[in-house]
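Working notes for the structure below.
The values are calculated or read from the model by the stated rules, or taken from the named source; none is laboratory data. The structure presented is a predicted model; accordingly, all values stated were derived computationally and were not measured. Backbone-built Cβ (ideal geometry, glycine too); neighbour counts: all protein chains shown. Heavy atoms of the whole protein, side chains included, go into the accessibility calculation; ligands, DNA and RNA do not. Shrake-Rupley method; radii C 1.70, N 1.55, O 1.52, S 1.80 Å.
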Amino acid sequence: MELEKAYEPQRFESRWAQWWVETGIFHADPKAPGPRFSLAVPPPNVTGSLHIGHMLEHSVIDAAIRWRRMSGDNTLFLPGVDHAGIATQLLVERSLAAEGVTREQLGRAEFEKRVWQWKDKYGHRITEQMKRIGDSCDWSRERFTLSPELSRAVLEAFVRLYERGLIYRGTYMVNWCPTCHTALSDLEVKHEDTQGTLWHIRYPLKDGSRHLVVATTRPETMLGDTALAVNPSDDRYRDLTGKTAVLPLMNREIPVIFDELADPKFGTGVVKLTPAHDPNDLEAGKRHKLPHIKVISENGRMTDAAGPYAGLDRFVARRQIIGDLEKLELIEKIEPYALAISKCDRCGTVVEPLVSTQWFVKTKPLAAKVLEAVHSGRIVFEPENWNKTFFNWMENIRDWCISRQLWWGHRIPAWHCKDCQEITVAREAPSKCSHCGSARVEQDPDVLDTWFSSGLWPFSTLGWPDDTEDLRTYYPTSLLITGYDILFFWAARMMMLGLELMGDVPFRQVHLHTLVRDPYRQKMSKTKGNVVDPLDINEKFGTDAVRLALMMAAAPGTDITYSEDRLAAARQFANKMWNAARLILMNMEASGIAPSLPEAGTAETLEDRWIFSRLNRTAESVNRALAQHRYHEVGELLWQFFWHDFCDWYLEIKKLRLAPGSGLTNDWRNLLGVFSAYLRMQHPIMPFITEELWHRFGQTQSIALAAYPQPGATDAAAEHEMALMQEMITAARKLRADHGLDKKLVLEGVLFCRNGATNVELSVIEKLATVKLDIRTGAAPELQGAVRSTPEFDLVLHLPEVDLDVQRGRLTKEIEQLEKLIADKDRQLSNEKFLSGAPAQVVESLRSKRAEYVAQLEKSRTAFSSLQ
RNA sequence: GGGCGCGUAGCUCAGUUGGUUAGAGCACCUCGUUUACACCGAGGGGGUCCGGGGUUCGAGUCCCUGCGCGCCCACCA
């Protein structure tokens with residue numbers, strides 16, 4: 001049964017994807033033998049769809065898992081999805097908006113019902129896509145952060161942390177998004193450098209003696225000013241003790257106070273204090289017991305306290321205030337000013353700092369445990385250059401605001417008493433207040449930050465808080481593979497919560513992969529319209545080719561720039577695999593062998609000794625690169641081995657040996673043994689084509705369950721002999737190409753060999769280079785005609801017509817190169833410091849290298865003069 | 001204001017601990033379709049490794065510095 005002529009992945013990929021799921025071969029068994037290797041997938045948004053970043057991430061994760069599984073580990077690849085609180089809620093709200101409905105109009109219960117409907121509708125898309133791209137997950141263990149089981153884990157985690165004093169409720173200044181209408185954690189706020197404006201505003205003193213000039217970037221907040229401050233060491237303002245200023249526009253009297261907050265070097269050295277709208281001012285306000293006047297509300301509009309500006313959007317109010325101040329001639333100066341503006345990560349709205357009562361996680365004690373775990377090596381970053389960034393963040397961590405004023409998420413398990421105002425935190429809804437016994441208790445309306453539940457992922461997915469066999473077997477997980485963009489959001493939180501609640505690290509190793517950018521190095525985003533749908537390119541190039549291309553591009557350090565050229569190259573590689581298999585199968589049929597992959601026999605020929613050596617060397621490098629998460633190296637090693645060793649040389653030589661009707665000869669066994677090993681080695685990167693070919697060669701079990709090739713003995717002598725033979729063949733081809741001779745014309749000549757070079761197999765050289773050679777030992781007595789020389793042999797071809805100009809050109813270039821190299825070596829070898837300082841080995845190799853060049857130079861010169 | 005990273009062939013990038021003539025893929029040039037693959041084969045051209053110092057017998061690789069670019073963190077007006 002012959003293979004189709006070309007690699008057409010569409011013909012078989014979805015079939016294998018389905019087969020892998022249906023046969024359940026990736027089902028994890030805690031009782032199975034072998035070292036345990038477990039990994040929980042970074043849960044994608046339940047309503048999301050696969051993007052190119054996922055494609056890279058899943059290629060890498062799946063390769064890691066498949067490699068460990070084939071290496072004999074008891075593996076668990078746990079899949080699942082995240083409810084993605086704010087993202088999903090916004091999505092559904094947007095769809096409601098299209099119907100002309102707001103969530104408030106629907107009410108909480110009805111809205112939640114709508115989101116669940118949405119989840120049911122789109123929630124399977126991403127997991128179906130994961131199956132389609134070949135993720136070798138245990139689908140029986142699929143998890144969802146908002147499922148009843150995981151919700152129980154969230155509840156338990158919250159209560160335990162609360163009981164340990166690690167969760168508290170308090171009133172602080174938080175980041176507030178007026179559009180999403182919720183508090184945000186610090187991480188959900190993006191700082192964007194912007195060219196803003198600094199307005200210098202005059203605040204008259206009450207006594208009319210003078211005015212103070214205050215600089216601000218946010219004039220609208222002045223309506224809430226409750227003081228002006230100057231630095232106590234600032235000589236310019238010593239006389240202001242006890243003075244009062246009049247707040248323009250509001251005509252409110254505000255005191256002038258002395259506080260270190262005011263920097264004498266900034267502007268005029270006078271700063272306005274708005275405790276309700278600025279974190280620094282809030283602190284200063286506390287120190288001086290200043291009143292808070294909230295002039296901006298949760299929806300971004302001015303409050304009643306803003307007097308004539310009440311009800312205006314905060315930015316509209318700003319413009320009006322500037323206009324009004326100008327009319328009053330209270331603007332002293334307007335200058336451009338560079339500042340970082342804070343925006344909501346989700347919707348891009350400018351975040352408003354507001355004082356608000358929220359729930360927080362006390363992070364310092366948790367971070368201490370994490371720092372200890374990383375410092376002691378219980379968690380290892382790979383690549384390790386993230387250590388410093390990570391430590392810096394962990395060491396300066398601030399408390400984590402975990403309450404969100406949303407409706408989609410885990411409801412906070414706290415009940416407020418309407419009588420005594422106290423809070424009861426409990427695992428189940430209490431019938432009465434635990435403080436006063438009142439039955440008038442009501443659950444806190446807020447939900448938890450979506451990252452709170454994701455932070456429990458490595459153990460909540462394994463059955464925690466119950467003591468399950470899965471949890472005992474697979475926790476801590478072995479490896480976390482994720483993008484560096486969610487290092488703090490997710491990885492750091494898992495570490496904190498895992499160490500606190502499980503008493504052990506959530507994973508032993510963290511591999512941070514790179515991000516995929518568009519061809520112009522821009523981040524891919526839907527709004528920019530530069531996203532690439534991986535399903536489209538999988539269809540076009542083949543999923544295996546996309547996996548290979550992405551992994552080969554993903555060298556740690558820099559982000560990947562997306563390029564179709566790479567994908568096309570990878571597809572061509574897959575096509576090469578396909579056609580090599582086709583060649584082998586065709587010849588098997590001719591030799592009377594049924595498709596099969598027998599064990600390799602013993603190496604008898606040079607090419608067998610050589611390919612075994614190369615295979616073992618490649619297996620060694622590939623296993624090491626996989627262990628170090630150097631996936632681009634894995635791809636490159638396998639590419640080189642397969643295309644340039646196996647196809648270009650090994651198969652070409654074997655083609656000369658295989659005879660029709662021969663049956664299963666030793667040549668065949670060796671060829672098939674190497675091919676089988678290659679398929680298995682390539683499988684973690686390219687699961688589909690390898691599975692397809694595996695079966696085309698008569699296998700019935702999945703290749704995913706076959707053994708991963710382990711390194712074996714190498715054969716330096718065989719590699720040297722093979723290299724020599726390749727040089728001889730190449731030399732002949734070069735001579736032919738130099739003279740523009742027909743490929744079919746058999747050229748006659750003499751091969752002069754020295755030393756060990758004599759036992760080359762002449763017939764192989766003759767066939768692969770289309771030559772007819774006499775072979776002699778020793779150096780050529782004279783070098784006439786078309787010659788190519790190396791230290792170990794001289795090849796002289798009798799050409800029908802030697803183009804002397806071509807020969808001279810080639811030789812002149814060679815001679816120049818050699819002279820330069822020799823001069824280079826001479827310079828070093830005449831350097832006393834080098835001779836005394838460098839290791840003997842280095843000096844020796846330099847000497848012998850020089851001797852080789854000199855010998856070769858002699859040859860070239862002789863050949864050149866023989867042309868005269 | 002801190003921190004990280006990048007600058008190597010026309011393009012996209014490799015280049016673990018400093019040590020043969022710095023590599024790959026794509027693109028380019030020449031030749032080649034009789035038996036796996038034109039998604040191919042054979043051969044070839046192409047690089048002052050961003051600039052400047054330094055350490056060293058020896059630097060693409062280590063140190064300092066300048067230029068250019070990117071990212072992350074950060075409550076100063």
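Some notes on this structure:
- Positive minus negative residues near residue A:463 (Lys, Arg vs Asp, Glu; Cβ under 11 Å): -1
- Prolate/oblate/rounded call for region A:571-699, Cα gyration tensor, a/c under 1.5 rounded: prolate
- Label separation (residue A:508 vs residue A:798): 6.8 nm, computed from points 7 Å beyond Cα along the C-beta direction.
- Take A:688-701, A:325-338, A:805-818, A:580-593 and order them by the average number of nearby Cβ atoms within 10 Å per residue, most first; the result is A:688-701, A:580-593, A:805-818, A:325-338.
- Think of it as helices only: each DSSP H run of n ≥ 4 in chain A is worth -39500 (n - 2.57), and spread over all residues that comes to -13000 deg cm²/dmol at 222 nm.
- Among the trypsin sites (Lys or Arg not before Pro) within region A:137-199, those in coil by DSSP and having at most 16 neighbouring Cβ atoms inside 10 Å are A:164.
- Heavy atoms of residue A:637: accessible area, 1.4 Å probe, square angstrom to 10: 50 Å²
- Dipole magnitude of region A:706-791 about its Cα centre (Cβ charges: Lys, Arg +1; Asp, Glu -1), debye to nearest 20: 280 debye
- Measure of compaction for region A:82-184 (Cα Rg per 2.2 N^0.38 Å): 1.36
- The GluC sites (Glu not before Pro) found in region A:257-315 that occupy coil by DSSP, while having at most 16 further C-beta atoms within 10 Å, are A:260.
- In terms of distances greater than 23 angstrom between alpha carbons, the cross-link table entries A:813/A:859; A:343/A:523; A:654/A:767; A:119/A:432 yield A:119/A:432.
- The chymotrypsin sites (Phe, Trp or Tyr not before Pro) of region A:347-450 include none that meets both criteria, a DSSP state outside H, G, I, E and B (loop) and at most 15 other C-beta atoms within 10 angstrom of the site's C-beta.
- Expressed as a whole percent, the accessible area of chain A that falls on carbon and sulfur atoms is 49 (1.4 Å probe).
- Within-13-Å neighbourhood charge of residue A:607 [Cβ basis; K, R +1; D, E -1]: -4
- Projected label points at residue A:589 and residue A:539, each 7 Å from Cα along the beta carbon direction, are separated by 3.2 nanometres.
- Normalised alpha carbon radius of gyration of chain A [divisor 2.2 N^0.38 Å]: 1.28
- Taken about its Cα centre, chain A carries a charge dipole of roughly 840 debye when the Cβ of each Lys and Arg holds +1 and the Cβ of each Asp and Glu holds -1.
- Accessible surface calculations at 1.4 Å, restricted to protein heavy atoms, place chain A at 44 Å² per residue.
- Partners for residue A:289 among lysines (Cα-Cα distance below 22 Å; same-chain residues under 8 apart left out): A:206, A:243, A:272
- Temperature 4 °C, viscosity 1.567 mPa s: under these conditions the Stokes-Einstein estimate for region A:248-333, based on its Kirkwood radius over C-alpha pairs, is 90 µm² per second.
- Local net charge near residue A:563, Cβ-Cβ under 12 Å (Lys/Arg +1, Asp/Glu -1): 0
- Kyte-Doolittle mean at least -1.0 and Cα axial length at least 18 Å: DSSP H helices in chain A: A:52-70, A:85-99, A:148-163, A:314-327, A:564-591, A:606-627, A:666-682, A:716-738, A:804-829, A:840-866
- At an R0 of 56 angstrom, the distance between the Cβ atoms of residue A:841 and residue A:192 translates into a FRET efficiency of 0.50.
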